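Heads up, the thing below is written out as structure tokens.
The values are calculated or read from the model by the stated rules, or taken from the named source; none is laboratory data. In this text the structure is predicted, and so the values were computed from the model without any measurement. We place every Cβ from the backbone using ideal geometry, glycine too, and count neighbours over all the protein chains shown. SASA here: full protein model, heavy atoms, side chains in, ligands and nucleic acids out. Shrake-Rupley method; radii C 1.70, N 1.55, O 1.52, S 1.80 Å.
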Amino acid sequence: MKGILLAGGAGTRLYPSSAVVGKQLHTVYDKPMVFYPLSTLMMAGIREILVVSSPADLPRIRDLLGDGSSWGIDLSYAVQPNPGGIAQVFLIAERFLDGSACTLILGDNIFHGRMDLGHVVGEFGRGANVFGYPVDDPSSYGVVELSPSGEAVCLVEKPKTSRSNLAVTGLYLYDGDVVDHARQLVPSPRGELEITDLNRRYLQLGQLSVTELGRDIAWFDSGTHESLLETANFVATVEKRQGLKIACLEEVAYNMGFIDTSGLERAIEAMPRSPYRDYVERVARAVQRCTSGVRSGCTVSP
């Protein structure tokens, strides 16, 4: 399974801040926004990831993330020359995917909680899988309606009225046919290849499944000033209460077995003095206590 992180879009809802720095480089409390979706892919066990962004933002994102080797992952990059829709990313990523199944996450979508995503990815076979999240205002989202047996029966984009409150989040799994399906899409009136149209193709083929996220999961679409503030306040509250960071990539990489203790130490040495480095150093000390110098497979927290 390969991963795609779409850090695109013009970020117009965040203007004028987006005129200074791209949306996915905005800070969500104490880390760049892009750290959060990247950590979600890593926690799914995905190590080969393509980051797609605009011509203006991609160099900055590449400077921030590098090749991913410090986290034991392989990052590559591609340009989305214009905002041509979410589904356009599969045409851009055709060579990267090379017929592989993939997980796509949008760069402004932030998840927190035990999603068991590694199991979902591991069990994924044919078709497409979307993640549904109950919301109070379905008219602001793409919505999926389920049958009594839990099967997807309808997809509606921002419905004025809806029989479902299950929003489709910015996290998707697709099989190796996704590029072929995306190539057959017709641009919408706004000139974009819509992800909802792609999902409808899978629905028409009877190949769309839905994973419902429960109340123990937090999901944020951080594309507006209001939602960005809400997300930052949530992250700050959780981190201060628990003393644990959300989306600390070094901690995630170690816990997933992507890097060992030596890799963790090298990552620390490359960091300037900062509260973030202090936290990763506490993670490293917890590793030493947990393993006594020999990795035993335990998950560590400082």
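Worth a mention:
- Residue check for Ala247: within 20 Å of Met43 (Cα to Cα), modelled with pLDDT under 95 and not basic (Lys, Arg): no
- Residue, most open to solvent (accessible area, probe 1.4 Å), within region 236-263, restricted to residues that are β-branched (Val, Ile, Thr) and more than 27 Å from Asp74 (Cα to Cα): Thr237
- Flag for Arg190 being charged (D, E, K, R) and farther than 25 Å from Arg47 by Cα: yes
- When residues of region 1-37 are limited to those that are part of a helix (DSSP H, G or I) and polar (S, T, N, Q), the one modelled with the lowest pLDDT: Ser18
- The residues of region 38-67 that are in a helix (DSSP H, G or I), under 19 Å from Ile86 (Cβ atoms) and aliphatic (A, V, I, L, M), listed by number, are Leu38, Leu41, Leu58, Ile61.
- Residue list for region 106-125, restricted to those being within 13 Å of the chain's Cα centre (by Cα) and within 22 Å of Gly257 (Cα to Cα): Phe111, His112, Met115, Leu117
- Complete set of residues in region 52-85 that are in contact (Cβ under 8 Å) with a residue 60 or more places away in the chain and of a type in the set (Val, Ile, Thr): Ile73
- From the options Val210, Val186, residue that is outside any loop (DSSP other than H, G, I, E, B), β-branched (Val, Ile, Thr), open to solvent by 20 Å² or more (accessible area, probe 1.4 Å) and at pLDDT 95 or above: Val210
- Of the residues making up region 181-220, those that are among the charged types (D, E, K, R) and farther than 16 Å from Gly132 by Cα are Arg183, Arg190, Glu192, Glu194, Asp197, Arg201.
- Leading residue by the ranking (least open to solvent (accessible area, probe 1.4 Å)) among those in region 126-148 that are of a type outside the set (Ser, Thr, Tyr) and without any contact (Cβ under 8 Å) to a residue 12 or more places away in the chain: Asp137
- Only a single criterion out of (1) more than 28 Å from Leu75 (Cα to Cα); (2) modelled with pLDDT of 95 or more is not satisfied by Ser292, namely (2).
- For Gly170: the one exception among (1) modelled with pLDDT under 90; (2) surrounded by 20 or more Cβ atoms within 10 Å (Cβ to Cβ): (1)
- Options Glu151, Glu123; residue that is open to solvent by 40 Å² or more (accessible area, probe 1.4 Å), within 16 Å of Tyr202 (Cα to Cα) and of a type outside the set (Phe, Trp, Tyr): Glu151
- When residues of region 70-82 are limited to those that are assigned to a strand (DSSP E or B) and of a type outside the set (S, T, N, Q), the one surrounded by the fewest Cβ atoms within 10 Å (Cβ to Cβ): Asp74
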